[in-house]
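The block underneath contains the structure these notes are about, expressed in structure tokens.
The values are calculated or read from the model by the stated rules, or taken from the named source; none is laboratory data. If you're wondering where the values come from, they're calculated on a predicted model, not measured in any experiment. When we count neighbours, we look across all protein chains shown, and the Cβ atoms used for this are built from the backbone with ideal geometry, even at glycine.
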Amino acid sequence: MKLLFSDKVLLLLWVCLMSSSFVVSADLIPYANSIASTGLRFILASILMIPLVVTHYRPMTSKKVYFHYSLISLFLVLFFVGLFEALKSTTAMRMSVIYTLIPLMSMVFTLVLLKTKTSITKLLGFILGTCGATLVLLASNKDLNKESVEFFSWYIGDSVFIIACFSLSIHVILVKKWGTGVPPIQGSFYIMVLGSLMLLPLMVLFGELNDVAWQASTFWSILLYLTVFTTMATFFLQQHLVQKVGPNQLLAFTYLIPILVVIPEGGASIPNLKGSVFGISITLLALYLISKEQKYTR
């Protein structure tokens, strides 16, 4: 029971840090483009992780570990690249709705890659979670009634982001499949270093490095927060939690992101407050069903 409670606390901490990334990342836009800021986060995080890795390093006897983590990191980089590319032809609001499909994608990949069957209870939880998170997002959209035709249309960026979300789902599943024998700190370091190497040529080609506000102290303070809390901390927690509770329950907690991001920003001014409350209730019910099923299968 104590172990289950500590897992839930860490899951809430992880999703809170993930939610803050959505908010704080927007403050970095005036200082650097998305590719440059993400590449710098990976590189800076890799450097800051070196002392921790050196003191906790455990030599890997198999070269397969490095190959496996190259693939794990590749799918994470593909997610970020897809996210940046999608923003050129769609909106963050539309992407937030698509993002709620990730746990369902994870469930499918868990069945295919890990050969793990999903119960009816957990499946119902995932479906309710997607519906609840989407309701919260729709209820918070002030312009939905004015632009309903445009909102429910489909754009190239939406297709690109769906592919990006598939990549993120595969990334988390592969962490579960291949990362069990690697300490979380070391695994996080591999992901950051390999991701940095993959993002470096993208930064040179598309990062517009000459336009980065290198002299602005605000730029560095925001970048440092994103590096320490929403990159290093979230990667470590993700590595730990995927091994402890599994990828499905980890990604299920992303259903809380709309609540943690949209509600604090909108407050009582949310256009459809009743819809938001209803969506939150469905989301919490979904997490209960998924967590309950997880408890019985541990």
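Quick grid of which residues meet (1) in contact (Cβ under 8 Å) with a residue 60 or more places away in the chain; (2) part of a loop (DSSP other than H, G, I, E, B):
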| site | (1), (2) |
| --- | --- |
| S20 | yes, no |
| P30 | yes, yes |
| L52 | yes, no |
| Y69 | yes, no |
| F80 | yes, no |
| L111 | no, no |
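Among the residues making up region 109-131, those that are β-branched (V, I, T), under 17 Å from L174 (Cα atoms) and in contact with a helix residue (DSSP H, G or I) (Cβ under 7 Å, 6 or more places away or on another chain) are T110, T116. Looking at the structure I just gave you, is L224 in a helix (DSSP H, G or I), free of Cβ contacts under 8 Å to residues at least 60 places away in the same chain and out of contact with any Asp or Glu (no Cβ under 9 Å at 6 or more places or on another chain)? So L224 does not fit the description; no. Scanning region 39-52 for residues that are farther than 18 Å from S217 by Cα and not small (G, A, S) gives F42, I43, I47, L48, M49, I50, P51, L52.
So, of the residues in region 197-220 that are of a type outside the set (A, V, I, L, M, F, W, C) and in a helix (DSSP H, G or I), which turns out to be farthest from G82 (Cα to Cα)?
Start the filter on region 197-220 by keeping residues that are of a type outside the set (A, V, I, L, M, F, W, C), which leaves 201, 207-208, 210-211, 215, 217-218.
Next, only the ones that are in a helix (DSSP H, G or I) stay: 201, 210-211, 217-218.
Values: P201: 16, N210: 23, D211: 22, S217: 29, T218: 27 Å.
Result: S217.
Among the conditions (1) in contact with a helix residue (DSSP H, G or I) (Cβ under 9 Å, 6 or more places away or on another chain); (2) modelled with pLDDT of 90 or more, N210 misses just one, which is (1).
Scanning region 25-43 for residues that are under 20 Å from L197 (Cβ atoms) and more than 19 Å from the chain's Cα centre (by Cα) gives A32, N33. Please find, among V182, V175, the residue that is surrounded by 17 or more Cβ atoms within 10 Å (Cβ to Cβ), in contact (Cβ under 8 Å) with a residue 12 or more places away in the chain and assigned to a loop (DSSP other than H, G, I, E, B). Exactly one residue qualifies, and that residue is V182. Right, S6: more than 26 Å from V193 (Cα to Cα) and in a helix (DSSP H, G or I) or not? Criteria met by S6.
Condition first: farther than 17 Å from I162 by Cα and surrounded by fewer than 18 Cβ atoms within 10 Å (Cβ to Cβ). Now tell me which residues in region 96-117 satisfy that.
L111, V112, L113, L114, K115, T116, K117
Scanning region 54-67 for residues that are in contact (Cβ under 8 Å) with a residue 12 or more places away in the chain and aromatic (F, W, Y) yields a count of 2.
Determine, yes or no, whether K115 is on the phi > 0 side of the Ramachandran plot and either modelled with pLDDT of 85 or more or not in a helix (DSSP H, G or I) (or both). Steps first, please.
Values: on the phi > 0 side of the Ramachandran plot: yes; either modelled with pLDDT of 85 or more or not in a helix (DSSP H, G or I) (or both): yes.
Judged against the criteria, K115 is a match.
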